[in-house]
C-alpha cells in the first residue's frame, strides 16, 4: 500500500484517485477549488469516442488574421495575450500536417473509443448511473458547403471504426424535430453518449473516494520536494504531505509543476464558455454540434447547456461574457422554440480553462526526472470523455502493469 498524492480534482484526477484506491492505495487529492472546480464542471458533457479530429489542420496559418480581428469568432486571440501565446500557436499550426493529424486521430481513438463503457463502469461504482446516457450525437449544418467542409473529419472518424451516418432533411426532422428547418444536412454517431451533469458526477466520485478512506483537501500544490530521483513530499499553501507517488492532474495549471519534474510541456488554456437555460422551451433529444456556429447544445438535467468556442487570453484575464451571449443567439437560430427574450433568472454563464497541448493529445506518462511521478493532464476538449480511461492508465503505471494502449503518442517527452 502506497501513499499517493493526486494533484487536481477534475474528472481525470478523481478517476485516477478512484482507480488507485481500488488497487489498495491511500489517496489524498489536492485542489484549491475542490471537486470539479475547473473545466470538469462546465464542459459540454459529451462522452464521444468519435472526438478524434485534432484542433489543428492544414492551411490553418491563413486563419490567424481572423482570430485576431474577430473577438467573438469561434477561435479568437486577444491582442494583449498574443506575444505569450505565439510560441504555442506556432507549434499548434505546425502540428496540423496531414501525417500528424492521422497519427493524432489514431491515438485519440485508442484513448476515447471506450468512453461510454468506461463511464458506465465508473458510474456503477459511485452511484451515478442516472447521469450517463447513450443516445448518440448529431452534427448539423445549414449549407452543403459547411457539410462538405467537415467531410475530412468524418473521414478520419470512419477510418478509425466510427460509424458516421449522413442524414438528409427528412431524417433530421424525424430524429430531432426541435431543430430549425434551415438545417438541411447532418451526420449522426450512434455510439456517443453524454453526461447530464458533469459536476454532479465529479462530486459523486469525490464522495466515493472519501467514503473508501481517502481525503480531498482544498490546498494548492506549490512545490514537489525530491530526493534521489523521487518525489518525497508535496508542499502546498497550507501543509507538507509525504508521498510515495504523485499524480499531476491539475489541468491548465499543471505546467509549472511539470517543470519541477523535468518536463517542459507547451500547455495553454483554451478558454471555453457556456450558457445554460433552465427549463428551456426547446430541449433536443440528443447532443448537437452546430457545424457553422462551432458550439454544442446538450440536454442536461433540467437545463439546456450551450458550450463551445475557443479564446486564447490566459488564466488571469477577465471573462468576455459577450461570447456566452453569442452562444445564446446561435441557439435561438438553431432552435425556433427558444424565445427572443429569456428571463435572466433562467440563465447562467460560465468560463472554464481547457488544458490544451499543440497536438491535441494529452500528456500521460511518467515524468523524466522523478521515477514516482506521473503526468495526466492536457486533455483539451476531451477531458470528460477520456477521464476514466486515463485514470485506469495511471493506476496501471503505478502498479507496473502494461497500459491498455500505446502511450508513446502521449509521452511527456514528445515535445
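Every number in this text was worked out from the coordinates using simple rules, so none of it is lab data. A quick note: this is a predicted structure, and the numbers were derived from the prediction, not measured. Cβ coordinates were reconstructed from backbone atoms using ideal geometry, including for glycine residues, and neighbour counts include every protein chain displayed.
Once a ≥ b ≥ c are taken as the square roots of the eigenvalues of the Cα gyration tensor of the chain, is the result rounded (a/c under 1.5), prolate (a/b larger than b/c) or oblate (a/b not larger than b/c)? Display every interim value, and only then the final one.
On the way: a/c = 1.65, a/b = 1.49, b/c = 1.11.
Prolate is the answer for the chain, as a/c is 1.5 or above and a/b outweighs b/c.
If we count other beta carbons within 10 Å of each Cβ, what is the order of 69, 300, fewest first? Show your work: numbers first, answer last.
Values: 69 11, 300 22.
The most exposed by this proxy come first: 69, 300.
How many percent of DSSP beta bridges within the chain run antiparallel, rounded to 5?
Taking every DSSP beta bridge within the chain, about 70 percent pair in antiparallel fashion.
Going by how many other Cβ atoms sit within 10 Å of their own, how do 359, 244 line up, fewest first?
Fewest-to-most Cβ neighbours within 10 Å comes out as 244, 359.
Return the calculated 222 nm mean residue ellipticity for the chain, to the nearest 500 deg cm²/dmol, obtained by summing -39500 (n - 2.57) across DSSP H runs with n ≥ 4 and dividing by the residue count.
Values: 13 runs with 134 residues, N = 415.
Calculated at 222 nm, the ellipticity per residue is -9500 deg cm²/dmol.
Mind ranking 346-358, 40-52 by how tightly packed they are, going by the mean number of other C-beta atoms within 10 angstrom, highest first?
The packing order, highest mean first, is 40-52, 346-358.
Return the single residue from 339, 198, 256 with maximal mean-square fluctuation; model: Gaussian network over the chain, springs between Cα atoms under 10 Å.
339
Pairs of Cα atoms under 8 Å, at least six residues apart: use those to get the relative contact order of the chain, whole percent.
26
Which of these, 132, 183, 364, has the largest mean-square fluctuation under a Gaussian network model of the chain (Cα springs below 10 Å)?
183
Looking at the square roots a ≥ b ≥ c of the eigenvalues of the Cα gyration tensor of the range 91-232, which shape do they give, rounded for a/c under 1.5, prolate if a/b is larger than b/c, or oblate?
oblate
Counting other C-beta atoms within 10 Å, which of 273, 57 has the fewest, and how do the rest follow?
By the 10 Å Cβ count, ascending: 57, 273.
Listed highest first by mean packing, meaning other Cβ atoms within 10 Å per residue, what order do 13-19, 154-160, 389-395 come in?
13-19, 389-395, 154-160
Do you know the relative contact order of the range 76-231, to the nearest whole percent, from alpha carbon pairs under 8 angstrom that are 6+ apart?
25
For the range 70-131, what does the alpha-carbon gyration tensor say about shape, rounded, prolate or oblate, given a ≥ b ≥ c as the root eigenvalues, a/c under 1.5 as rounded, and a/b over b/c as prolate?
oblate
Mean-square fluctuation check for the chain, GNM, Cα pairs under 10 Å: which of 143, 341, 114 is largest?
The residue with the greatest mean-square fluctuation here is 341.
Compute the relative contact order of the range 324-415 as a whole-number percentage, counting only Cα pairs closer than 8 Å that sit 6 or more residues apart in sequence.
On the way: 86 pairs, mean separation 23.2, N = 92.
It rounds to 25 percent for the range 324-415.
Ratio of the range 216-278's C-alpha Rg to 2.2 N^0.38 Å, to two decimals?
With N residues counted in the range 216-278, Rg over 2.2 N^0.38 Å equals 1.41.
Where the centre of each part is set by its Cα atoms, how far does the range 151-229 sit from the range 1-64, in angstrom?
Going from one Cα centre to the other spans 12 Å.
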